[in-house]
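*Asks:* This structure is in structure tokens; I'll ask about it shortly.
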Amino acid sequence: MKTETLKFGDIAYLRKDTVNPKELEDAKYLGLEHINKESLSINSIGTSNDLNSNKFVFSPDDVLFGKLRPYFRKVYKPKFDGICSTDIWVVRPRDNNTCKDFLFYLMADQKFVGFANQGATGTRMPRADWNHVVEYEVKKFSHEEQTQISKILRSFDDKIELNQQMNETLEEIAKTLFKSWFIDFDPVRAKAEGKPTGLSKEISDLFPDSFEDSEFGEIPKGWKVRSLGDFYAVNKGLSYKGKFLTEHGMPMINLGCFGGNGIFLKEKIKPYSGEFKERHIISKGDIAIANTDMTQNRITLGSPIMVDEIDGNSDFLFTHHVFCLKNISEREDLKYFTYQTLLNPRFRGIAGNYATGTTVLALPKDAIEDFQVALPSKQILNAFNEIAGLNFKKSKINYEESIILFDLRDKLLPKLISGELKIPDAENLVEEAGI
């Protein structure tokens, strides 16, 4: 029996509503740089404030598909109203016979992406052709079947999103605690005023109950003013050649790995097969800092990431756009304190004053080496490390689970969209996976 099919153009149409961003006030904006490759997610959201040319309008009823270099598989289902780059298709179901989520997963199928890429025009900057993709053949499903397929695939994405939200919460807890203890000195102020600190007696007793003057300003009594250069050597990375960026090689951390706000975009790591020197290696537990101001329109100057083991790799190269902080003091208790110091707006503000350049700002090493901190006792650092380290480990577990979910979703997606895998069988797989 022949499978009944439809043309993609029978179930979807291209929405071309445009607006001048100057007519909007702080509208949400998505460019290609905001949509992640392959993962069907976004890394950030821009605003309309600094835009000039007309943009497409989208809503949660639409599917966004990056038509520039379609093989990047930049596909996203928005949950909000906004505007987007004209290099992004805004696609909507033609009628109520097509489920919105089903259309999204159909367009995320590698087979659809490959078909769009086959019809792309242009050599250096290939763009998908709508007149080509409307001819794409789609297996016909009832609306109920579309809904069931979408529900199965959405269960993976919902869990992935939940993991991301949990990680954001864990990071926010560490940031809030750092600011309270080491920027605002809340426990010390509370004790100085005879008020409860809100901490356990064991931790509260670690903090002094008064302040003293220093070149840094007023700091808790007994704390020391130190520079990061007292504890860390700041090394600049490798200026690599594109011909050595291959499918296999030493994994390299580059500017694209900095998602801002401490987010490590591990999927942006590039394999490098050229020669390199020992000083260009960054290892698990080291801190990397972006020394250039922008990557794909995201401000990254001075943004840190904590390097962790990825796919069994503990050592990585890093590009000339990246600094590596190597601990020369052998004080492991400084790791999370330093990481949160670099995440704090105070560092970003002061470091920015060191930046040089016109078109692209660059951060010199002394912006980091000269940065001063009020250093507490080792006991306080250990107490903070216990909390921040536990949160970091939880984040890693959530991230690794998400990678597994990404992989399983992308294996099920084409089989469900094509009808190769029956819906009950897919539901059983989801249940076995505990999703």
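The values are calculated or read from the model by the stated rules, or taken from the named source; none is laboratory data. All values reported here derive from a predicted model rather than from experimental measurement. Cβ: placed from backbone, ideal geometry, glycine included. Neighbour counts: every protein chain shown. Quick note on the areas: whole protein, heavy atoms, side chains included, nothing else; ligands and nucleic acids left out. Shrake-Rupley method; radii C 1.70, N 1.55, O 1.52, S 1.80 Å.
*Asks:* Is it the case, given these coordinates, that LEU317 is touching a residue at least 12 places away in the same chain (Cβ under 8 Å), open to solvent by less than 50 Å² (accessible area, probe 1.4 Å) and within 17 Å of GLY260 (Cβ to Cβ)?
*Replies:* no
*Asks:* Picking from VAL360, VAL430, VAL373, which residue would you name as being in contact (Cβ under 8 Å) with a residue 60 or more places away in the chain and open to solvent by 50 Å² or more (accessible area, probe 1.4 Å)?
*Replies:* Selected residue: VAL360, the only one of VAL360, VAL430, VAL373 that is in contact (Cβ under 8 Å) with a residue 60 or more places away in the chain and open to solvent by 50 Å² or more (accessible area, probe 1.4 Å).
*Asks:* For segment 1-30, give me the residue count where each residue is closer than 22 Å to VAL133 by Cα, among the charged types (D, E, K, R) and not in a helix (DSSP H, G or I).
*Replies:* Total satisfying the criteria: 5.
*Asks:* If we scan segment 238-246, do we find a residue that is within 21 Å of the chain's Cα centre (by Cα) and within 30 Å of GLU38 (Cβ to Cβ)?
*Replies:* So far as segment 238-246 goes, no, none of its residues is within 21 Å of the chain's Cα centre (by Cα) and within 30 Å of GLU38 (Cβ to Cβ).
*Asks:* So, one more: Please state which of the following conditions TYR339 fails to meet, knowing it meets all the rest: (1) in contact with a helix residue (DSSP H, G or I) (Cβ under 7 Å, 6 or more places away or on another chain); (2) open to solvent by less than 40 Å² (accessible area, probe 1.4 Å).
*Replies:* (1)
*Asks:* Which residues, taken from segment 65-113, are of a type in the set (D, E, K, R) and under 23 Å from the mean Cα position of the chain (by Cα)?
*Replies:* Once the filter is applied, which keeps residues that are of a type in the set (D, E, K, R) and under 23 Å from the mean Cα position of the chain (by Cα), segment 65-113 yields LYS67, ARG69, ARG73, LYS74, LYS77, LYS79, ASP81, ASP87, ASP109.
*Asks:* In addition: Condition first: surrounded by 15 or more Cβ atoms within 10 Å (Cβ to Cβ) and of a type in the set (A, V, I, L, M). Now tell me which residues in segment 197-226 satisfy that.
*Replies:* Within segment 197-226, LEU199, ILE203, LEU206, ILE219 meet the criteria.
*Asks:* Looking at segment 383-427 only, could you name the residues that are among the hydrophobic types (A, V, I, L, M, F, W, C) and without any contact (Cβ under 8 Å) to a residue 24 or more places away in the chain?
*Replies:* The answer is LEU390, ILE397, ILE403, ILE404, LEU421.
*Asks:* If you don't mind, there's one more thing I want to ask. Please find, within segment 272-312, the residue that is modelled with the lowest pLDDT out of those that are within 21 Å of GLY389 (Cβ to Cβ) and open to solvent by 60 Å² or more (accessible area, probe 1.4 Å).
*Replies:* GLU309
*Asks:* Same structure again: Could you check segment 379-424 and list, in sequence order, the residues that are under 27 Å from GLU145 (Cβ atoms), among the acidic types (Asp, Glu) and surrounded by 13 or more Cβ atoms within 10 Å (Cβ to Cβ)?
*Replies:* Selection gives ASP410 alone.
*Asks:* Out of the helices (runs of 4 or more DSSP H) lying entirely within segment 129-206, which hold 2 or more residues that are in contact with a helix residue (DSSP H, G or I) (Cβ under 6 Å, 6 or more places away or on another chain) and over 24 Å from ASP10 (Cβ atoms)?
*Replies:* 143-178
*Asks:* Sort out which residues of segment 344-356 are touching a residue at least 40 places away in the same chain (Cβ under 8 Å) and open to solvent by 20 Å² or more (accessible area, probe 1.4 Å), and write them in order of number.
*Replies:* ASN344, ARG346, ARG348, GLY352, ALA355
*Asks:* Which one of these is over 25 Å from the mean Cα position of the chain (by Cα) and closer than 30 Å to LEU103 by Cα: LYS415, LYS411?
*Replies:* LYS415
*Asks:* Is it the case, given these coordinates, that ILE35 is within 25 Å of PHE156 (Cα to Cα), surrounded by fewer than 20 Cβ atoms within 10 Å (Cβ to Cβ) and among the aliphatic types (A, V, I, L, M)?
*Replies:* In short, no.
*Asks:* Something else: If you check PHE264 against the conditions, is it modelled with pLDDT of 85 or more and either touching a strand residue (DSSP E or B) at 6+ places or on another chain (Cβ under 9 Å) or surrounded by fewer than 21 Cβ atoms within 10 Å (Cβ to Cβ) (or both)?
*Replies:* So PHE264 fails the test.
*Asks:* Now a separate question. Taking only segment 163-196 into account, find how many residues are of a type in the set (S, T, N, Q), in contact (Cβ under 8 Å) with a residue 24 or more places away in the chain and open to solvent by 20 Å² or more (accessible area, probe 1.4 Å).
*Replies:* Residues meeting the conditions: 2.
*Asks:* Exactly one condition in (1) closer than 23 Å to LEU413 by Cα; (2) modelled with pLDDT under 95; (3) open to solvent by less than 30 Å² (accessible area, probe 1.4 Å); (4) not hydroxyl-bearing (Ser, Thr, Tyr) is false for PRO21; which is it?
*Replies:* It is condition (1) that PRO21 fails.
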